[in-house]
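Below is one structure, written out as structure tokens, with a few remarks after it.
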Amino acid sequence: MPATQLFRNRGCGLNNVLMPLVPGTLPGVMRIEDPVPAIAFVLSSGRTLGLTIVRARNRLLQVSKLLKVDNREPEIKSLVEWVELFPPKDPRVQYVFLGYSLHTTDDFFAELPDVDSSELKALLFTEDLSDLFSELESYREDAREEHFRILEVPLKWRSRLTEWAESFTDKCHADQFCNRMLKQPGLRKDECRWHDLVRWAFYERPPKPVDPSQLGPWFQLRHIIPTLYRLVGSTAPDFGVLWRCDRELRRGERRNLPEIGDDSRVVLRHPALGFSVVHFERKDLLGTKRGWIAIDNDGKPLRTGADIVDDTIEGAAERVLSAIKTKVKSWALYSDSAQWAEYTMGDSDERQEYLLVLDDFPHRFETNPHYDVDNVLLHVRTSIEYLRNGLRCLVVDELQSDWLQKRADQSQKFRDGNDEFRSMPWSSDWYELGLKVVLQLAAKSQVDAVVIASSGMQKELYGNHFTNGGEKFYDNVLPNKLAKLVKPWALPQTFQKLAFEKRPITILRTEEGRYEVLNPGGESALSVCSSLLEARKLIAMSELMCDGPEVPVFSISAELREEVVSKGLMLFG
């Protein structure tokens, strides 16, 4: 089978996109590792379509049979999805997710030209691909995280009963053991219902007396350790900042800008994509005219019409960054953006969306109207904003549980695999678990504080969809609960104003690698900073920003950060 021999295709980076993917025959099949681990189907038309393993929850159960895995094992978090390698429309993009799984291949065929569809069908249904699928799955863990659209975010959860069992040192009667176990400070009923230790002590009747040697790591919380996933597409790609430069116009640039004079210079450029800003001065009978022109990587003006000139360098820079954003998104590399990512405050470039999922739960619930993922316990939407005092904050834009906020009985109770009637954990305090997720995210990131978006901010975003119950939830319930969670670290709740932009602000990188903030005239408005983070904090405290709404603020101290990162937080209580 020469077409299915294992093949390691190296050197297929962005700088070497012309290297052909050539199997033994055309059309043919081969296994590749770069730019993404996949089974590549090379067609006569020149298109290369691949099947790749994506580490995700979406559509897992639908494709698990094709992967020859047991769908009763929810810890297998992978699926097969179609990608196109080096798409002809823009070969600078290494690969594009096409939105089809192997389970929906018939729909995928319908979207292809007839010749491509016929060749792909022949390859897919006549080749023995089982070995390739098996090998692709076996080294999925070695694939880079950038290949996956939904990334697992590691969290650390602690259990009071587990820690108590680990510290248990003396023998005692079984009844005494049970009494001491249930009197642990802060112990919640939900933890007792789902912990092996309680089931063993009350239902399996341990021998008398109970000996510490009988306790061990096999006594754990079962089925309810949640997994956090970050939706990669909900994070806007970082386009960077423009760099200062001072060079003459190239021949093609002058050809596209014939009337701006010989003294014109390129003063700003994007380091990767070549978009630039040209400054010119032109003298005529009416005097001297000066301005800035935004151009693309071919030297053509970005502004259409008769007047291609911006009056300020700030306006031209904003035009360049806007064009870059549009172009990068048109490559479809970020086409898997989260459906609801726009529901965050302001225009933050650091918006993120998280799903807390019970992968190992003994019952499957499909009550979530926002995501094609089962057993989403809750979702959190966050953004990064700055306060007027310069603090960088993680803003909780939304915390919601479509599962547990639904009051129907069938979403709160179920029969498990042993036909026992059980109640959902966190049915009344799910938001506390959500805030613990937020604290762990904040502790791991470069933020100074956590902020809860107020009901006033929510109303501006959602309008009539925001209810009066939400006002109490965001203004009272969440801040009060978060204040209790950070109380062990003596962190008081304060109220500060967010920093809002009066107008778009331009930050540039100098040739020395430092950062400066420009005023509309192109001059430095603030002190030159050593880092982009320092520049943004300085902007927040300056007159370039205005006062936003007042919000509850909870600082992240070094002690909190160290303890949460190293030890984690209690799953219950």
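Would you confirm whether or not the stretch 537-552 contains a residue that is among the hydroxyl-bearing types (Ser, Thr, Tyr), more than 30 Å from Ile225 (Cα to Cα) and in contact with a strand residue (DSSP E or B) (Cβ under 9 Å, 6 or more places away or on another chain)?
Just the residues of the stretch 537-552 that are among the hydroxyl-bearing types (Ser, Thr, Tyr), to begin with: 542.
Applying the additional criterion that residues be more than 30 Å from Ile225 (Cα to Cα) yields 542.
When the remaining residues are screened for being in contact with a strand residue (DSSP E or B) (Cβ under 9 Å, 6 or more places away or on another chain), the result is 542.
For the stretch 537-552, residues among the hydroxyl-bearing types (Ser, Thr, Tyr), more than 30 Å from Ile225 (Cα to Cα) and in contact with a strand residue (DSSP E or B) (Cβ under 9 Å, 6 or more places away or on another chain): present.
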### Summary
Screening Leu151, Leu136 for residues that are modelled with pLDDT under 85 and assigned to a helix (DSSP H, G or I) leaves only Leu136
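A quick yes/no check of all residues on (1) among the β-branched types (Val, Ile, Thr); (2) touching a Leu at 6+ places or on another chain (Cβ under 8 Å); (3) surrounded by fewer than 17 Cβ atoms within 10 Å (Cβ to Cβ):
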| position | (1), (2), (3) |
| --- | --- |
| Tyr474 | no, no, no |
| Val486 | yes, yes, no |
| Ala490 | no, no, yes |
| Ile507 | yes, yes, no |
| Leu526 | no, yes, no |
| Ser531 | no, no, yes |
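Going through Arg536, Arg509, Arg514, Arg503 one at a time, which residue ends up being within 26 Å of the chain's Cα centre (by Cα) and within 30 Å of Phe280 (Cα to Cα)? Can you show your working first?
Numbers: Arg509 fails: within 26 Å of the chain's Cα centre (by Cα); Arg514 fails: within 26 Å of the chain's Cα centre (by Cα); Arg503 fails: within 26 Å of the chain's Cα centre (by Cα).
Only one candidate qualifies: Arg536.
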## Note on the structure
In the stretch 267-301, anything at pLDDT 85 or above, surrounded by fewer than 20 Cβ atoms within 10 Å (Cβ to Cβ) and not in a strand (DSSP E or B) is listed as Asp296, Gly299, Lys300
### Summary
Within the stretch 533-562, of all residues that are touching a helix residue (DSSP H, G or I) at 6+ places or on another chain (Cβ under 8 Å) and surrounded by fewer than 17 Cβ atoms within 10 Å (Cβ to Cβ), the one farthest from Lys502 (Cα to Cα) is Glu559
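Answer yes if at least one residue in the stretch 539-554 is among the acidic types (Asp, Glu) and under 28 Å from the mean Cα position of the chain (by Cα), and no otherwise. Working first, answer last.
At the first step, the residues of the stretch 539-554 found to be among the acidic types (Asp, Glu) are 543, 547, 550.
From what's left, under 28 Å from the mean Cα position of the chain (by Cα): 550.
Among the residues of the stretch 539-554, at least one is among the acidic types (Asp, Glu) and under 28 Å from the mean Cα position of the chain (by Cα), which makes the answer yes.
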#### Entry: Failed item in (1) in contact with a strand residue (DSSP E or B) (Cβ under 7 Å, 6 or more places away or on another chain); (2) of a type outside the set (A, V, I, L, M, F, W, C); (3) at pLDDT 80 or above; (4) closer than 16 Å to Trp403 by Cβ, with Gln352 passing the rest
(4)
### Query
So which residues in the stretch 201-226 are modelled with pLDDT under 85 and outside any loop (DSSP other than H, G, I, E, B), if there are any at all?
Ala201, Phe202, Tyr203, Val210, Pro212, Ser213, Gln214
### Message
Looking at Ala499 and the list (1) under 18 Å from Val396 (Cα atoms); (2) of a type in the set (Gly, Ala, Ser); (3) in a loop (DSSP other than H, G, I, E, B), which single condition is not satisfied?
### Response
(3)
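Look at Leu526 and say whether it is in contact (Cβ under 8 Å) with a residue 12 or more places away in the chain, touching a helix residue (DSSP H, G or I) at 6+ places or on another chain (Cβ under 6 Å), outside any helix (DSSP H, G or I) and not charged (D, E, K, R). If you could, list the steps in order and put the result at the bottom.
Numbers: in contact (Cβ under 8 Å) with a residue 12 or more places away in the chain: yes; touching a helix residue (DSSP H, G or I) at 6+ places or on another chain (Cβ under 6 Å): yes; outside any helix (DSSP H, G or I): yes; not charged (D, E, K, R): yes.
Yes, satisfied.
Within the stretch 171-192, does at least one residue satisfy the condition of being small (Gly, Ala, Ser), part of a helix (DSSP H, G or I) and without any contact (Cβ under 8 Å) to a residue 24 or more places away in the chain? Steps first, answer last, please.
In the first step, residues of the stretch 171-192 are kept if they are small (Gly, Ala, Ser); the result is 174, 186.
The next check asks that each one be part of a helix (DSSP H, G or I); those that pass are 174.
Subsequent filtering for residues that are without any contact (Cβ under 8 Å) to a residue 24 or more places away in the chain retains none.
No, the stretch 171-192 contains no residue that is small (Gly, Ala, Ser), part of a helix (DSSP H, G or I) and without any contact (Cβ under 8 Å) to a residue 24 or more places away in the chain.
In this structure, does Glu534 turn out to be among the acidic types (Asp, Glu), assigned to a helix (DSSP H, G or I) and either in contact with a strand residue (DSSP E or B) (Cβ under 6 Å, 6 or more places away or on another chain) or not assigned by TED's automatic domain parsing to the domain that holds Gly390 (or both)? Spell out how you get there, then give the answer.
Values: among the acidic types (Asp, Glu): yes; assigned to a helix (DSSP H, G or I): yes; either in contact with a strand residue (DSSP E or B) (Cβ under 6 Å, 6 or more places away or on another chain) or not assigned by TED's automatic domain parsing to the domain that holds Gly390 (or both): yes.
When the stated conditions are applied, Glu534 passes them.
The values are calculated or read from the model by the stated rules, or taken from the named source; none is laboratory data. Note that this is a predicted model, so its numbers are computed, not measured. Virtual Cβ from ideal backbone geometry, glycine too; neighbours counted across all protein chains shown.
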